[in-house]
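Q: Below is the structure I would like to discuss, written out as C-alpha coordinates.
The values are calculated or read from the model by the stated rules, or taken from the named source; none is laboratory data. In this text the structure is predicted, and so the values were computed from the model without any measurement. Note: ideal-geometry Cβ built from the backbone for every residue, glycine included; neighbour counts use all protein chains shown.
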Amino acid sequence: MFFFAKIFWLVSQPVTVLFLLMALSVLLMLLSFRRLAVAVGLVSLVLVFLTFYTTAGALVVQELEDRFPRPAPPADVACVIVLGGGIPTQVDGARGGYDLDDGGDRYIETVRLAGLYPGAKIIMSGGDGSLEGVSMKEADIIRRMFDDFHIDPARVEYDALSRDTYENAVNVRAILQRLNLGHCLLVTSGFHMPRAVAIFRNLGMEVTPWVADYRTTGKEGLKVTVAYPLINAGLLSTGLREWIGIVAYYVAGRVSTLYPQ
(Lines give C-alpha, C1' and ligand atoms only; values in the text may rest on other atoms or scores of the structure.)
Protein backbone atom coordinates (compact mmCIF):
# COMPACT_ATOMS: atom_id res chain seq x y z
CA MET A 1 0.00 0.00 0.00
CA PHE A 2 2.82 2.40 0.90
CA PHE A 3 4.69 2.04 -2.39
CA PHE A 4 1.49 2.08 -4.44
CA ALA A 5 0.38 5.32 -2.76
CA LYS A 6 3.73 7.00 -3.37
CA ILE A 7 3.85 6.01 -7.05
CA PHE A 8 0.19 6.91 -7.62
CA TRP A 9 0.74 10.37 -6.20
CA LEU A 10 3.78 10.93 -8.44
CA VAL A 11 1.55 10.63 -11.52
CA SER A 12 -1.63 12.20 -10.10
CA GLN A 13 -0.36 15.43 -8.56
CA PRO A 14 -1.52 18.58 -10.38
CA VAL A 15 1.83 19.56 -11.92
CA THR A 16 2.36 16.07 -13.35
CA VAL A 17 -1.19 15.96 -14.73
CA LEU A 18 -0.67 19.33 -16.42
CA PHE A 19 2.59 18.15 -17.96
CA LEU A 20 1.00 14.96 -19.25
CA LEU A 21 -1.91 16.87 -20.79
CA MET A 22 0.44 19.26 -22.56
CA ALA A 23 2.54 16.36 -23.82
CA LEU A 24 -0.62 14.62 -25.04
CA SER A 25 -1.68 17.79 -26.86
CA VAL A 26 1.67 17.96 -28.68
CA LEU A 27 1.49 14.25 -29.55
CA LEU A 28 -2.03 14.60 -30.95
CA MET A 29 -0.93 17.56 -33.03
CA LEU A 30 1.97 15.55 -34.46
CA LEU A 31 -0.46 12.74 -35.30
CA SER A 32 -2.68 15.28 -37.11
CA PHE A 33 -5.55 15.03 -34.59
CA ARG A 34 -5.66 18.82 -34.56
CA ARG A 35 -9.10 19.41 -33.10
CA LEU A 36 -8.52 16.97 -30.28
CA ALA A 37 -5.05 18.43 -29.71
CA VAL A 38 -6.52 21.93 -29.39
CA ALA A 39 -9.21 20.68 -27.00
CA VAL A 40 -6.66 18.96 -24.74
CA GLY A 41 -4.45 22.06 -24.92
CA LEU A 42 -7.33 24.29 -23.86
CA VAL A 43 -8.16 21.98 -20.95
CA SER A 44 -4.55 22.14 -19.80
CA LEU A 45 -4.56 25.94 -20.02
CA VAL A 46 -7.71 26.18 -17.91
CA LEU A 47 -6.18 23.86 -15.32
CA VAL A 48 -2.95 25.87 -15.31
CA PHE A 49 -4.96 29.02 -14.63
CA LEU A 50 -6.98 27.40 -11.82
CA THR A 51 -3.90 25.82 -10.27
CA PHE A 52 -1.47 28.75 -10.37
CA TYR A 53 -3.60 31.88 -10.54
CA THR A 54 -6.66 31.29 -8.35
CA THR A 55 -7.31 30.47 -4.70
CA ALA A 56 -8.84 27.09 -5.60
CA GLY A 57 -6.11 25.32 -3.65
CA ALA A 58 -6.61 27.54 -0.60
CA LEU A 59 -10.32 26.68 -0.59
CA VAL A 60 -9.63 22.95 -0.67
CA VAL A 61 -7.11 23.21 2.18
CA GLN A 62 -9.32 25.58 4.18
CA GLU A 63 -12.19 23.10 4.14
CA LEU A 64 -9.90 20.43 5.59
CA GLU A 65 -8.47 22.81 8.20
CA ASP A 66 -11.89 23.92 9.41
CA ARG A 67 -13.12 20.39 10.02
CA PHE A 68 -11.61 20.24 13.51
CA PRO A 69 -11.41 23.61 15.27
CA ARG A 70 -8.93 23.56 18.13
CA PRO A 71 -10.81 23.08 21.44
CA ALA A 72 -10.23 24.93 24.69
CA PRO A 73 -7.08 23.71 26.50
CA PRO A 74 -7.98 20.77 28.74
CA ALA A 75 -7.23 20.93 32.47
CA ASP A 76 -4.99 17.86 32.28
CA VAL A 77 -3.37 15.87 29.49
CA ALA A 78 -2.06 12.31 29.78
CA CYS A 79 -0.09 12.34 26.56
CA VAL A 80 0.63 14.33 23.41
CA ILE A 81 1.00 12.51 20.09
CA VAL A 82 2.81 14.42 17.34
CA LEU A 83 2.91 13.05 13.80
CA GLY A 84 5.95 13.52 11.61
CA GLY A 85 5.99 15.62 8.47
CA GLY A 86 7.53 18.92 9.54
CA ILE A 87 11.16 18.73 8.48
CA PRO A 88 13.14 18.05 5.26
CA THR A 89 14.79 14.84 6.39
CA GLN A 90 17.22 14.57 3.46
CA VAL A 91 18.61 18.04 4.12
CA ASP A 92 18.75 17.63 7.89
CA GLY A 93 20.27 14.20 7.59
CA ALA A 94 23.07 15.63 5.44
CA ARG A 95 23.68 18.91 7.26
CA GLY A 96 22.57 18.22 10.81
CA GLY A 97 20.31 20.42 12.89
CA TYR A 98 16.58 20.55 12.40
CA ASP A 99 15.38 22.92 9.69
CA LEU A 100 11.61 23.12 10.07
CA ASP A 101 9.43 23.48 6.99
CA ASP A 102 5.76 24.54 6.76
CA GLY A 103 4.71 21.63 8.95
CA GLY A 104 7.30 22.45 11.60
CA ASP A 105 4.63 24.14 13.72
CA ARG A 106 3.76 20.61 14.84
CA TYR A 107 7.01 20.45 16.79
CA ILE A 108 6.93 24.01 18.10
CA GLU A 109 3.44 23.37 19.46
CA THR A 110 4.54 20.08 20.99
CA VAL A 111 7.38 21.81 22.81
CA ARG A 112 4.87 24.37 24.11
CA LEU A 113 2.47 21.65 25.23
CA ALA A 114 5.31 19.77 26.94
CA GLY A 115 5.89 22.85 29.09
CA LEU A 116 2.19 23.46 29.66
CA TYR A 117 1.56 19.86 30.76
CA PRO A 118 4.77 18.74 32.51
CA GLY A 119 3.24 15.41 33.50
CA ALA A 120 2.21 14.42 29.98
CA LYS A 121 3.98 11.74 27.97
CA ILE A 122 5.14 12.81 24.49
CA ILE A 123 4.88 10.33 21.61
CA MET A 124 6.71 11.35 18.44
CA SER A 125 5.88 9.18 15.42
CA GLY A 126 7.79 9.61 12.19
CA GLY A 127 10.28 7.54 10.22
CA ASP A 128 11.51 7.69 6.64
CA GLY A 129 8.58 8.39 4.33
CA SER A 130 10.64 8.61 1.14
CA LEU A 131 9.98 6.19 -1.68
CA GLU A 132 13.67 5.29 -1.88
CA GLY A 133 13.98 4.69 1.86
CA VAL A 134 17.33 6.49 2.08
CA SER A 135 16.43 9.55 4.17
CA MET A 136 17.23 9.95 7.85
CA LYS A 137 14.38 8.94 10.13
CA GLU A 138 12.43 11.96 11.32
CA ALA A 139 12.18 10.72 14.90
CA ASP A 140 15.97 10.62 15.14
CA ILE A 141 16.19 14.28 14.10
CA ILE A 142 13.42 15.40 16.44
CA ARG A 143 15.10 13.57 19.30
CA ARG A 144 17.94 16.09 18.95
CA MET A 145 15.48 18.96 18.91
CA PHE A 146 13.58 17.84 22.01
CA ASP A 147 16.88 17.24 23.83
CA ASP A 148 18.02 20.76 22.92
CA PHE A 149 14.76 22.14 24.33
CA HIS A 150 15.43 20.23 27.57
CA ILE A 151 12.43 17.91 27.39
CA ASP A 152 13.14 15.05 29.77
CA PRO A 153 14.02 12.03 27.56
CA ALA A 154 12.13 9.80 30.01
CA ARG A 155 8.91 11.56 28.98
CA VAL A 156 9.29 10.89 25.26
CA GLU A 157 8.55 7.77 23.22
CA TYR A 158 9.86 7.70 19.66
CA ASP A 159 8.50 5.70 16.74
CA ALA A 160 11.07 5.83 13.96
CA LEU A 161 9.53 3.07 11.82
CA SER A 162 6.36 4.74 10.49
CA ARG A 163 6.41 5.70 6.82
CA ASP A 164 2.88 7.06 6.47
CA THR A 165 -0.12 8.10 8.56
CA TYR A 166 -1.55 4.60 8.82
CA GLU A 167 1.71 3.24 10.16
CA ASN A 168 1.86 6.22 12.54
CA ALA A 169 -1.46 5.13 14.04
CA VAL A 170 -0.61 1.43 14.22
CA ASN A 171 2.72 2.05 15.95
CA VAL A 172 1.31 4.69 18.30
CA ARG A 173 -1.45 2.29 19.34
CA ALA A 174 1.19 -0.25 20.37
CA ILE A 175 2.95 2.41 22.46
CA LEU A 176 -0.29 3.49 24.13
CA GLN A 177 -1.14 -0.11 25.00
CA ARG A 178 2.33 -0.73 26.40
CA LEU A 179 2.20 2.41 28.57
CA ASN A 180 -1.49 1.94 29.43
CA LEU A 181 -2.33 5.45 28.23
CA GLY A 182 -5.77 6.57 27.15
CA HIS A 183 -7.08 9.79 25.67
CA CYS A 184 -4.35 11.97 24.15
CA LEU A 185 -3.94 15.17 22.20
CA LEU A 186 -3.17 14.52 18.53
CA VAL A 187 -0.91 17.19 17.05
CA THR A 188 -0.65 17.55 13.29
CA SER A 189 -1.34 20.04 10.50
CA GLY A 190 -4.90 21.24 9.94
CA PHE A 191 -5.15 19.86 6.41
CA HIS A 192 -3.92 16.47 7.66
CA MET A 193 -6.16 16.24 10.71
CA PRO A 194 -9.32 14.70 9.12
CA ARG A 195 -7.42 11.76 7.66
CA ALA A 196 -5.35 11.27 10.81
CA VAL A 197 -8.40 11.32 13.10
CA ALA A 198 -10.28 8.90 10.83
CA ILE A 199 -7.40 6.40 11.00
CA PHE A 200 -6.88 6.69 14.74
CA ARG A 201 -10.60 6.26 15.41
CA ASN A 202 -10.83 3.29 13.09
CA LEU A 203 -8.06 1.62 15.10
CA GLY A 204 -9.98 2.20 18.33
CA MET A 205 -8.12 5.25 19.66
CA GLU A 206 -9.98 8.31 20.90
CA VAL A 207 -7.86 11.42 20.47
CA THR A 208 -8.46 15.15 20.83
CA PRO A 209 -7.51 16.86 17.55
CA TRP A 210 -5.03 19.67 18.24
CA VAL A 211 -4.24 21.55 15.04
CA ALA A 212 -0.76 23.08 15.02
CA ASP A 213 -0.25 24.24 11.45
CA TYR A 214 -2.66 26.30 9.35
CA ARG A 215 -2.01 27.19 5.70
CA THR A 216 -5.05 29.46 5.13
CA THR A 217 -6.67 32.42 6.87
CA GLY A 218 -10.02 30.66 7.33
CA LYS A 219 -11.67 33.45 5.34
CA GLU A 220 -10.67 32.46 1.83
CA GLY A 221 -12.99 32.89 -1.15
CA LEU A 222 -12.55 31.90 -4.77
CA LYS A 223 -10.71 34.69 -6.57
CA VAL A 224 -7.96 35.34 -9.07
CA THR A 225 -4.56 35.99 -7.52
CA VAL A 226 -1.39 36.28 -9.58
CA ALA A 227 1.06 37.26 -6.84
CA TYR A 228 1.92 33.79 -5.52
CA PRO A 229 1.48 31.17 -8.25
CA LEU A 230 3.78 28.59 -6.64
CA ILE A 231 2.02 28.91 -3.28
CA ASN A 232 -1.36 28.53 -5.03
CA ALA A 233 -0.16 25.38 -6.78
CA GLY A 234 1.33 24.03 -3.56
CA LEU A 235 -1.93 24.48 -1.67
CA LEU A 236 -3.91 22.71 -4.37
CA SER A 237 -1.40 19.87 -4.41
CA THR A 238 -1.60 19.56 -0.61
CA GLY A 239 -5.40 19.57 -0.54
CA LEU A 240 -5.86 17.10 -3.39
CA ARG A 241 -3.28 14.76 -1.90
CA GLU A 242 -5.24 14.62 1.34
CA TRP A 243 -8.53 13.93 -0.41
CA ILE A 244 -6.95 11.23 -2.55
CA GLY A 245 -5.51 9.71 0.63
CA ILE A 246 -8.85 9.80 2.45
CA VAL A 247 -10.68 8.14 -0.45
CA ALA A 248 -7.94 5.54 -0.94
CA TYR A 249 -7.93 4.64 2.76
CA TYR A 250 -11.72 4.37 2.74
CA VAL A 251 -11.67 2.03 -0.26
CA ALA A 252 -8.91 -0.03 1.38
CA GLY A 253 -10.92 -0.27 4.62
CA ARG A 254 -8.39 1.64 6.68
CA VAL A 255 -10.98 4.25 7.70
CA SER A 256 -14.68 3.78 8.32
CA THR A 257 -15.76 7.26 7.24
CA LEU A 258 -14.69 9.53 4.42
CA TYR A 259 -14.90 12.75 6.39
CA PRO A 260 -14.89 12.43 10.21
CA GLN A 261 -16.24 15.14 12.47
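Q: Conditions: (1) under 30 Å from K223 (Cβ atoms); (2) not assigned by TED's automatic domain parsing to the domain that holds A169. A72 meets all but one. Number of the miss?
A: Here A72 meets the rest and fails (1).
Q: A further question on this structure: Give me the pairs: first residue in the range 117-128 and surrounded by fewer than 24 Cβ atoms within 10 Å (Cβ to Cβ), second residue assigned to a loop (DSSP other than H, G, I, E, B), beta-carbon distance under 6 Å, and six or more apart or on different chains, which are they?
A: Within 6 Å, the pairs are Y117/V77; A120/V77; D128/S135; D128/K137.
Q: Given the criteria part of a helix (DSSP H, G or I), at pLDDT 90 or above, more than 20 Å from L235 (Cα to Cα) and hydrophobic (A, V, I, L, M, F, W, C), does V38 qualify? Even if it seems obvious, please write down each step before you answer.
A: Working: part of a helix (DSSP H, G or I): yes; at pLDDT 90 or above: yes; more than 20 Å from L235 (Cα to Cα): yes; hydrophobic (A, V, I, L, M, F, W, C): yes.
Here the answer is yes, as V38 does meet what is asked.
Q: Name the one entry in L64, L100, L28, L83 that is without any contact (Cβ under 8 Å) to a residue 40 or more places away in the chain, surrounded by 15 or more Cβ atoms within 10 Å (Cβ to Cβ) and closer than 30 Å to A196 by Cβ. Steps first, please.
A: Numbers: L64 fails: without any contact (Cβ under 8 Å) to a residue 40 or more places away in the chain; L28 fails: closer than 30 Å to A196 by Cβ; L83 fails: without any contact (Cβ under 8 Å) to a residue 40 or more places away in the chain.
Residue meeting the stated conditions: L100.
Q: Go through V197, V172, V187 for me and flag whichever is touching a strand residue (DSSP E or B) at 6+ places or on another chain (Cβ under 8 Å), within 30 Å of T54 (Cα to Cα), part of a helix (DSSP H, G or I) and outside the structural domain of L236 (by TED's automatic domain parsing). Steps first, answer last, please.
A: Working: V172 fails: within 30 Å of T54 (Cα to Cα); V187 fails: part of a helix (DSSP H, G or I).
The conditions single out V197.
Q: I'd like to check something: does the range 11-23 contain any residue that is hydrophobic (A, V, I, L, M, F, W, C), farther than 30 Å from R163 by Cβ, surrounded by 13 or more Cβ atoms within 10 Å (Cβ to Cβ) and modelled with pLDDT of 85 or more? Outline the logic, then answer.
A: Taking the range 11-23 and keeping what is hydrophobic (A, V, I, L, M, F, W, C), we get 11, 15, 17-23.
Then keep just the ones that are farther than 30 Å from R163 by Cβ; that gives 21-23.
Those still in the list that are surrounded by 13 or more Cβ atoms within 10 Å (Cβ to Cβ) too: 21-22.
Next, only the ones that are modelled with pLDDT of 85 or more stay: 21-22.
Yes - at least one qualifying residue is present in the range 11-23.
Q: G218 versus (1) part of a helix (DSSP H, G or I); (2) small (G, A, S); (3) surrounded by fewer than 21 Cβ atoms within 10 Å (Cβ to Cβ): which is the lone unmet condition?
A: Here G218 clears every test but (1).
Q: Tell me the helices (runs of 4 or more DSSP H) entirely within the range 78-169 that contain at least 1 residues that are in contact with a Pro (Cβ under 9 Å, 6 or more places away or on another chain) and not polar (S, T, N, Q). Walk me through how you get there before you give the answer.
A: Working: elements: 89-95, 105-116, 138-148.
It comes to 105-116, 138-148.
Q: Determine if the range 222-236 includes at least one residue that is under 12 Å from the mean Cα position of the chain (by Cα), among the hydrophobic types (A, V, I, L, M, F, W, C), crowded, with 18+ Cβ neighbours inside 10 Å and at negative phi.
A: Within the range 222-236, the subset under 12 Å from the mean Cα position of the chain (by Cα) is 235.
Then keep just the ones that are among the hydrophobic types (A, V, I, L, M, F, W, C); that gives 235.
Add one more test, that the residue is crowded, with 18+ Cβ neighbours inside 10 Å, and what stays is 235.
Next, only the ones that are at negative phi stay: 235.
Checking the range 222-236: at least one residue is under 12 Å from the mean Cα position of the chain (by Cα), among the hydrophobic types (A, V, I, L, M, F, W, C), crowded, with 18+ Cβ neighbours inside 10 Å and at negative phi.
Q: Further question: In the range 90-143, which residues are modelled with pLDDT of 90 or more and over 25 Å from V207 (Cα atoms)?
A: none
Q: Quick one: would you say E206 is farther than 22 Å from I87 by Cβ, outside the structural domain of M136 (by TED's automatic domain parsing), more than 18 Å from the chain's Cα centre (by Cα) and at pLDDT below 90? Please lay out each step first, then the result.
A: On the way: farther than 22 Å from I87 by Cβ: yes; outside the structural domain of M136 (by TED's automatic domain parsing): no; more than 18 Å from the chain's Cα centre (by Cα): yes; at pLDDT below 90: yes.
Judged against the criteria, E206 is not a match.
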